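Asks: What follows is a structure written as structure tokens; I'll ask about it next.
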Amino acid sequence: MSPPARPKAESLLAEPIADAVLATIHEYGYAEASVGEFVRRAGMTRTEFDARFSGKREVTALILEAHLDRFQERVGRAYAIADDWPDNLRAAAYETARCILENPDATWFLMVGVLEVDDMLRARRDQFFVWGAELIDGGRAAAPDPAAIPDSASLLAIGAIVETIRRRRAAGVEHDVARNLPKFMYTAVRPYLGEEAARAELTIELPPDLRSS
């Protein structure tokens, strides 16, 4: 008899187990989270869980992968709508904020909780951040002097943005990512288009759905 097929990561997000796993890890931390608590919150039996997953790490990795794939698809689609940089980067930043606000436990795990797990999951998370840095580095083509921009400019920008969000989430501070978007855009735009263009980002009004976030 063949073993049950492993669930596709994306399909898990529609199931109670996805919220149960992240909520449990958020409350207890990865090390103290148990499969027993996962299944209790998800309303499934341990037998059902064991038939589908090899254990705590696999289900956590699948859910992380699903959220990263969904974030990347949504943010990439937003980036592709606008033709020019930094308009496309700003659209991607707005969509990123929406993803964060809609998925607080997934955001916490991505920024903080994953650090408790292992190198492979952290490496997958870091690939997502490198992809974000590539969106920022689209500014190189719009820069007056692309050769003058350090190769590390986009990585430094994404690192500063991610670290700001991570610190606030780790401290349990109510994240105000939407309110900080103009500052994040300033950080990203300044190395490519200079101080004047970066300061202009601070005056751009947020979309209506993000103003009260």
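Asks: As an exercise: evaluate R140 against (1) open to solvent by 60 Å² or more (accessible area, probe 1.4 Å); (2) modelled with pLDDT of 95 or more and give the number of the one condition it does not meet.
Replies: (1)
Asks: Only residues that are charged (D, E, K, R), open to solvent by 60 Å² or more (accessible area, probe 1.4 Å) and over 13 Å from the mean Cα position of the chain (by Cα): list them for the range 61-104, please.
Replies: R77, D83, D84, D87 - these are the residues of the range 61-104 that are charged (D, E, K, R), open to solvent by 60 Å² or more (accessible area, probe 1.4 Å) and over 13 Å from the mean Cα position of the chain (by Cα).
Matching residues to (1) out of contact with any Leu (no Cβ under 7 Å at 6 or more places or on another chain); (2) buried (at least 18 other Cβ atoms within 10 Å of the Cβ); (3) outside any helix (DSSP H, G or I):
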position	(1), (2), (3)
A106	no, yes, no
L115	yes, no, no
A157	yes, yes, no
V189	yes, yes, no
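Asks: If we scan the range 173-182, do we find a residue that is among the charged types (D, E, K, R) and either surrounded by 18 or more Cβ atoms within 10 Å (Cβ to Cβ) or at pLDDT 95 or above (or both)?
Replies: no
The values are calculated or read from the model by the stated rules, or taken from the named source; none is laboratory data. Bear in mind the structure is a predicted one, so any value in this text is a computation, not a measurement. Please note: Cβ atoms are built from the backbone with ideal geometry, for glycine as well, and neighbour counts cover all protein chains shown. Heads up: the accessible areas ignore ligands, DNA and RNA and are worked out on the full protein's heavy atoms, side chains in. Shrake-Rupley method; radii C 1.70, N 1.55, O 1.52, S 1.80 Å.
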